[in-house]
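What follows is a short report on a single structure.
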Amino acid sequence: MKEKIAQLWEKIKENRHMLVALGLTLVAATVYYFAWALPQTYADSTHIGFEEGRMDNNMWWASDARDYRDTGDNFFGNTEEESVLYRRPWLYPFIIGALRQYTPFDLDYSLWAFQFIMWLATAGFTLGAVFRATKKMGWAILATGVFWTHPSIIALTFHGMTEALNTLLIALFAFVVLKPRDADEKWAENKNYWLIFLMSLLLVTKPTYQVQLAILLLYILVISFKKWRVLRFWGKIALALIPLWIQLLLSWQILGYAIISDVAGPTLKYWTVTRVYAKAEAPDTPLPEIATIVEDWSREEEIAYLLNNKKAFISVYFNNLVEEGLLADSYFIVNDDNSMNIAIMTLNKWHFYLHLLMLPLMGYLLLFNYKGKWEAIWIIYLTFVIQILASGVSSDQGDRLIITALPLWIVAYSFAIGKLQTLKE
């Protein structure tokens, strides 16, 4: 026992700088969190805060949130509401259902507390990921501040939505991908499987990560081609994909066929095709009326229509991507004059210009570097870019489809900026 305590103490001393940095970061982040959350509790036209009479309404205000709640309750037999696991993948509803089933405390405050802890954990993993990337503690502390000073995810912790979990998994993914393969022999062998597992968890949180998982799988298969004849290699990949198998099995039980999510269909139809139709043919017609026109169109008809109206489609796509995504306000604050919403929109504008400034630099650096840590930065940055581009098919969601990528670009940009001094002319 004494030997174990001594080993633990040595480990603490060895990592004392990281522990102090983490502690100070989490304290500062917590103070900042409540400095926003407490005043918003009594602000007008907002769905944020701790007021007891409004907590239930805030948490389940969005229709998506009610889907997650009802599906989670259905998991544990606590409701007769229909399960929509074929649209909302299983991980987040399962977490909500488990909390609501087993917590001895108020159901809504328990979920808020859990999401607040996830927010703090995201800050911690972002700090660790930036430090792994740069080996500079001061830079890691400052860069992590870019995450916890953005009020948007603070607002999202008050809602039964996937964003807090999504952001945590993203930060954890960046933290894991940056652990060097030469850390130890066992890690070198298993790192790729852990990356697949984490991306699978992201997929069953948000189905938009299908492209990232497919690319990651393809990349790992290519670099591991010497293992193709080894049965254990395929077995470990199958195990790493367990979250995906669970989703396919659950959807098959409900629908009679396996699917990750059918949300892409309604998203394309009602958030893209209707707007393209309005722009190309009926600019004065309300979108709900146009929705009835395209309601019965097949997927092939929708794609054909978009291809036949390329200019309108490109215009709508980039409006969704920039105006209603990268430059958007909070999904949950109705009043544009709300101080928290103003802060969110201001920071989103600054981040947008930063993305533009960093785009040629990241392109230049990644084109000429791909070994060592650069492999990890390639994976991180590509995951970020695909997430941003995928958001262009949706609209009216505020910044919530994009804000979860914060840890990815914080880590990638920190590493790239840190390498500027060592660039060869």
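Any idea which residue in the stretch 351-388 is farthest from I215 (Cα to Cα), counting only those that are of a type in the set (S, T, N, Q) and in a helix (DSSP H, G or I)? Once the filter is applied, the top-ranked residue is Q387.
For the stretch 328-347, the set of residues classified as under 18 Å from the mean Cα position of the chain (by Cα) and not in a helix (DSSP H, G or I) consists of A328, D329, S330, Y331, F332, listed by residue number.
Each residue in the stretch 186-195 was checked for being basic (K, R) and either outside any helix (DSSP H, G or I) or closer than 22 Å to F131 by Cα (or both), and 1 of them qualify.
Of all residues in the stretch 223-244, none satisfies being within 22 Å of the chain's Cα centre (by Cα) and among the polar types (S, T, N, Q). In this structure, I344 does satisfy being touching a strand residue (DSSP E or B) at 6+ places or on another chain (Cβ under 9 Å), of a type outside the set (G, A, S) and either farther than 17 Å from S391 by Cβ or buried (at least 17 other Cβ atoms within 10 Å of the Cβ) (or both). Just one of (1) within 19 Å of I117 (Cα to Cα); (2) out of contact with any helix residue (DSSP H, G or I) (no Cβ under 8 Å at 6 or more places or on another chain); (3) of a type in the set (F, W, Y) fails for Y42. It is (1).
Take the residues of the stretch 152-185 that are β-branched (V, I, T) and not in a loop (DSSP other than H, G, I, E, B): which is farthest from I377 (Cα to Cα)? Among those that are β-branched (V, I, T) and not in a loop (DSSP other than H, G, I, E, B), it is I154. For G256, the conditions (1) at pLDDT 95 or above; (2) at positive phi all hold with the exception of (1). Please determine whether any residue of the stretch 118-135 is surrounded by 14 or more Cβ atoms within 10 Å (Cβ to Cβ), in contact with a strand residue (DSSP E or B) (Cβ under 9 Å, 6 or more places away or on another chain) and part of a helix (DSSP H, G or I). Scanning the stretch 118-135, I find no residue that is surrounded by 14 or more Cβ atoms within 10 Å (Cβ to Cβ), in contact with a strand residue (DSSP E or B) (Cβ under 9 Å, 6 or more places away or on another chain) and part of a helix (DSSP H, G or I), so the answer is no. Summed over the stretch 88-117, residues that are surrounded by fewer than 20 Cβ atoms within 10 Å (Cβ to Cβ) and either within 21 Å of L169 (Cα to Cα) or of a type in the set (S, T, Y) (or both) total 11. Taking the condition modelled with pLDDT of 95 or more, surrounded by fewer than 22 Cβ atoms within 10 Å (Cβ to Cβ) and touching a His at 6+ places or on another chain (Cβ under 9 Å), does L359 pass? The answer is no for L359.
Is it the case that I96 is within 17 Å of the chain's Cα centre (by Cα), outside any loop (DSSP other than H, G, I, E, B) and closer than 18 Å to T157 by Cα? Spelling it out, it is not the case that I96 is within 17 Å of the chain's Cα centre (by Cα), outside any loop (DSSP other than H, G, I, E, B) and closer than 18 Å to T157 by Cα. Counting only residues that are within 21 Å of V130 (Cα to Cα) and either free of Cβ contacts under 8 Å to residues at least 40 places away in the same chain or not in a loop (DSSP other than H, G, I, E, B) (or both), the stretch 389-403 holds 1 of them.
Would you say L165 is under 15 Å from the mean Cα position of the chain (by Cα), surrounded by fewer than 24 Cβ atoms within 10 Å (Cβ to Cβ), under 16 Å from T404 (Cβ atoms) and among the aliphatic types (A, V, I, L, M)? Judged against the criteria, L165 is a match.
The values are calculated or read from the model by the stated rules, or taken from the named source; none is laboratory data. As the structure is a prediction and not an experimental result, all values here were calculated from the model. Cβ: placed from backbone, ideal geometry, glycine included. Neighbour counts: every protein chain shown.
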